[in-house]
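As structure tokens, the structure follows; a few thoughts come after it.
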Amino acid sequence: MTILAGLLADIQQLPGPRFHGQVVACSGLSMEVTGVERRLSVGDGCMAITRDGRTVPCEVVGFRQGRAVLLPFSSLDGIGLGSRVEAGRASGLVRPGDGWLGRVVDAFGRPIDGKGHLNQGDANRPLRAMPPPAFDRRRMGARLETGIRVVDAFTPLCRGQRLGIFAGSGVGKSTLLAMLARSSAADVNVIGLIGERGREVQEFIQDDLGPEGLARSVVIVATGDQPALARRQAAYLTMAVAEHFRDGGRDVLCMMDSITRFAMAQREIGLSAGEPPTTKGYPPSTFAELPRLLERAGPGREGTGDITGIFTVLVDGGDHDEPVADAVRGILDGHIVMDRKIAERGRYPAIDVLKSVSRALPGCHSPQENETVAGARALLSRYEAMEEMIRLGAYRAGSDEEVDRAIKANPALQAFLKQGKAETTAATRSFAVLDAIQADLSAPAPPPPEPAGKPGVPARRRG
């Protein structure tokens, strides 16, 4: 039966009847084709033939004045007026399977890690699938332990939750993702590196993720130098692979770095198709595609697994209210804010606890754990409010009991929030440490030392 299913999947990927058209205009990143426009629809695949006989895969993104508008998956070099275009190519289907675990693939699902043939699954999956209907989904499940103290305590993840990591460049987003991939309790990691720098891919896989993390992961890569269509398709492929493992009953941790670069790719595609620019140059299709992509993560139907989603958002210039960040924050179930000032002080992960929120709370924690976290947040908040005065020496000890408690607890809390990328802490241990820090504040102060002299005898006054 498995062999027959594989053969059927192969047949579905065979191209249908081919029709030929020709390029009549090239402008910027797009080309216009005539002769096949009535046989094409948006999303169809085509193949353009260059002057020297090379083939350039393309996708239909729209129609303009009776012509099909195509965008290429690679460079337009060699394409000119009259170049031949073949329509009727199969597209939009992938065959992920267990053979993909431990592998690195490109936006087309082709291996790029030099490990040879990639074993395909038994059935095709569409790249652009619809999320499960709202009433068919289960509620979010139990807490998914990550081994990261600050996350498990202050911004916990539940199975099927979608969380955003908001930060500027170079603050440690990729390292935090690698820590999650190595130490989380999920069955499978699906990691999409969308628009990443080319040199950072090997560093992330070898140094941050490591062999142990890669063994239960699938990594999809589309670097920043690749065309917008490839970057967008890598995001779709990431979700399709996660859906495959979810439907097989596994708990999936799906991580995408970054959703901002997906939005930028969609902006290029929309503008090339003739859409009008709106907020900060983003066309309307960008804000329509974001929920379609992000809603594919989340709890599955009864009898399937869950997709717990972690999506990084590149905050441009520290503006957390810029259009993409604002739209994504409204779709997801919580957000982690990483602060450059915290990173500059050498505390990693550089998470600003007071600005980070998990909408899984309070249900994700027990009542006792919620009380512990509330007490620790209050201490951090009190210290932050008075931090400037404390640093300047303007605050005098004893003026405010709550501030005194915050000052006393701050070194231990900062040590708790700091964690090495190879370090893992169980959630129960994390809460035990927070309880101990707050219990130490409730202990009675030790008696003042006796003045110098014999015990029980007052010291002589010096005169």
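Using only the alpha carbons of segment 377-428, determine the length spanned along each of the three principal axes and report them from longest to shortest in whole angstroms.
40, 21, 14
For residue 372, tell me the accessible area in Å² from a 1.4 Å probe, rounded to the nearest 10.
10 Å²
Quick check on the chain: what does the Kirkwood estimate of hydrodynamic radius come out to from the alpha carbon pairs, in Å?
Here the Kirkwood hydrodynamic radius works out to 24.8 Å.
Tell me, what % of the accessible area of segment 235-363 is carbon and sulfur with a 1.4 angstrom probe?
Its accessible area is 50 percent carbon and sulfur atoms.
Tell me which of 130, 338, 70 sits at the most positive position along the dipole axis of the chain, charges placed on C-beta atoms (Lys, Arg +1; Asp, Glu -1).
Final value for the positive-end residue is 338.
Looking only at the chain, where both bridge partners belong to it, what percent of the DSSP beta bridges are antiparallel (to the nearest 5)?
55 percent
Taking the full set of protein chains and a 1.4 angstrom probe, give the accessible area of residue 271 in square angstrom, rounded to the nearest 10.
It works out to around 80 Å².
Counting pairs of alpha carbon atoms under 8 Å apart in space and at least six apart in sequence, what relative contact order in percent does segment 121-232 give?
Value for segment 121-232: 22 percent.
Considering all alpha-carbon pairs of segment 250-299, what whole percent are spaced by more than 15 angstrom?
Cα-Cα pairs in segment 250-299 separated by more than 15 Å: 49 percent.
Let me have the relative contact order for the chain, percent, based on Cα pairs under 8 Å that are six or more residues apart.
In percent, rounded to a whole number, it is 16.
Per the Cauchy relation, a quarter of the hull surface: what is the mean projected area of the convex hull of the alpha carbons in segment 122-177, in nm²?
Computed as one quarter of the Cα hull surface, the answer is 6.8 nm².
Under the definition of Cα pairs under 8 Å and six or more residues apart, what whole-number percent is the relative contact order of segment 207-307?
Relative contact order here is 30 percent.
Once ligands and nucleic acids are excluded and a 1.4 Å probe is used, how much of residue 280 is accessible, expressed in Å² to the nearest 10?
Solvent-accessible area, nearest 10 Å²: 130 Å².
With a 1.4 Å probe and all protein chains left in place, how much accessible area per residue does the chain have, in Å²?
On a per-residue basis, 47 Å².
Take the alpha carbon gyration tensor of segment 150-231, find the square roots of its eigenvalues, order them as a ≥ b ≥ c, and report rounded if a/c is under 1.5; if not, report prolate when a/b exceeds b/c, else oblate.
It is prolate, given that a/c is not under 1.5 and a/b is the larger ratio.
Can you give the local net charge around residue 341? Use residues other than it whose beta-carbon is closer than 15 angstrom to its beta-carbon, Lys and Arg +1, Asp and Glu -1.
0
First measure r as the distance between the Cβ atoms of residue 320 and residue 55, then evaluate 1/(1 + (r/R0)^6) with R0 = 56 Å and state the FRET efficiency to the nearest 0.05.
0.80
Starting from the Cα-Cα distance between residue 302 and residue 215, subtract it from 0.36 nm times their residue separation and give me the gain in nm to one decimal.
Additional length available on full extension: 28.5 nm.
Compute the angle between helix 427-442 and the longest alpha-carbon principal axis of the chain, please, reported from 0 to 90 degrees and rounded to the nearest 10.
It works out to around 30 degrees.
So, in nm, how far is label residue 84 from label residue 185 when the simple model puts each one 7 Å beyond its Cα toward the Cβ?
If labels sit at residue 84 and residue 185, their model points lie 5.9 nm apart.
For segment 73-159, give the percent of accessible area contributed by carbon and sulfur heavy atoms, probe 1.4 Å, rounded to a whole number.
53 percent
Among the DSSP beta bridges whose two residues both lie in segment 158-317, what percent are antiparallel, rounded to the nearest 5?
10 percent
Please report the spacing between the Cα centers of segment 122-148 and segment 304-366 in Å, no decimals.
Taking the Cα centre of segment 304-366 as reference, the centre of segment 122-148 is 20 Å away.
Return the subset of 115/173; 280/355; 173/421; 173/408; 115/421 for which the Cα-Cα distance in this structure is over 21 Å, preserving the input order.
Result: 115/173; 280/355; 173/408; 115/421 exceed 21 Å.
Let me check something: with ligands and nucleic acids excluded, how do 46, 26 order by accessible area (1.4 Å probe), largest to smallest?
Descending accessible area places them as 26, 46.
Starting from the Cα gyration tensor of segment 251-364, take the square roots of the eigenvalues, sort them a ≥ b ≥ c, and report rounded, prolate or oblate (rounded when a/c is under 1.5, otherwise prolate if a/b is larger than b/c, else oblate).
oblate
Rank these residues by their accessible area, most exposed first, probe 1.4 Å: 162, 128.
The residues order as 128, 162, largest area first.
Ranked from the most accessible area to the least, with a 1.4 Å probe and all protein chains present, what is the order of 140, 386?
Most to least solvent-accessible, the answer reads 140, 386.
The values are calculated or read from the model by the stated rules, or taken from the named source; none is laboratory data. Predicted model, so just to flag it, every value in this text is computed and none were measured. Ideal geometry is used to build each Cβ from the backbone, glycine not excepted, and the neighbour counts take in all protein chains shown. Accessible surface is based on the protein model in full, side chains and every heavy atom, while ligands, DNA and RNA are left aside. Shrake-Rupley method; radii C 1.70, N 1.55, O 1.52, S 1.80 Å.
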